[in-house]
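Quick one: this structure, given as structure tokens, is what I'll be asking you about.
The values are calculated or read from the model by the stated rules, or taken from the named source; none is laboratory data. Just so it is clear, the model here is predicted, and its values are computed rather than measured. Please note: Cβ atoms are built from the backbone with ideal geometry, for glycine as well, and neighbour counts cover all protein chains shown.
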């Protein structure tokens with residue numbers, strides 16, 4: 001059933017159907033039927049996909065399960081468990097990716113492009129990338145420097 005993919009919420013005295021996959025707000029008034037919801041589901045890019053942040057969060061949630069699988073079942077598929085350092089690194093990456101997730105959610109929830117809304121968000125990304133480039137972890141530092149170079153290239157091009 002199509003409604004399983006949406007939550008219904010009243011926003012500014014209007015019923016909205018909010019896609020559980022991409023958080024897009026569609027007309028949720030039942031008198032308008034569900035055809036537009038079916039159309040959206042057919043086009044929704046997020047349906048059935050987990051972004052990398054969600055994948056890491058899922059793995060972190062089941063951290064203890066990995067260890068128990070080895071202890072209880074002596075499963076040969078679990079020969080190389082993530083180390084404590086691996087889990088710490090995964091949590092750190094997830095924390096950093098969360099900034100992009102939150103900013104994307106902010107941008108997707110806005111109908112109108114207003115500079116005074118976007119500017120602080122863009123600045124927070126730039127500041128974060130600068131900080132991450134100084135991270136003691138070489139992988140994070142290297143990743144941040146490459147991201148920062150792309151960020152600068154994009155914004156330099158958009159100024160012209």
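Could you tell me whether the stretch 27-41 includes any residue that is outside any loop (DSSP other than H, G, I, E, B), surrounded by 15 or more Cβ atoms within 10 Å (Cβ to Cβ) and modelled with pLDDT under 75?
For the stretch 27-41, residues outside any loop (DSSP other than H, G, I, E, B), surrounded by 15 or more Cβ atoms within 10 Å (Cβ to Cβ) and modelled with pLDDT under 75: absent.
Return the residue satisfying two criteria in turn: it lies in the stretch 42-62 and is assigned to a helix (DSSP H, G or I) and surrounded by 15 or more Cβ atoms within 10 Å (Cβ to Cβ), and of such residues it is modelled with the lowest pLDDT.
53
I need the full set of residues from the stretch 1-20 which are touching a helix residue (DSSP H, G or I) at 6+ places or on another chain (Cβ under 7 Å) and outside any strand (DSSP E or B), in order please.
Once the filter is applied, which keeps residues that are touching a helix residue (DSSP H, G or I) at 6+ places or on another chain (Cβ under 7 Å) and outside any strand (DSSP E or B), the stretch 1-20 yields 2, 5, 20.
Sort through 127, 70 and tell me the only one that's assigned to a helix (DSSP H, G or I) and at pLDDT below 75.
Selected residue: 70, the only one of 127, 70 that is assigned to a helix (DSSP H, G or I) and at pLDDT below 75.
Got a number for residues in the stretch 130-160 being under 21 Å from residue 91 (Cα atoms) and not in a helix (DSSP H, G or I)?
Total satisfying the criteria: 4.
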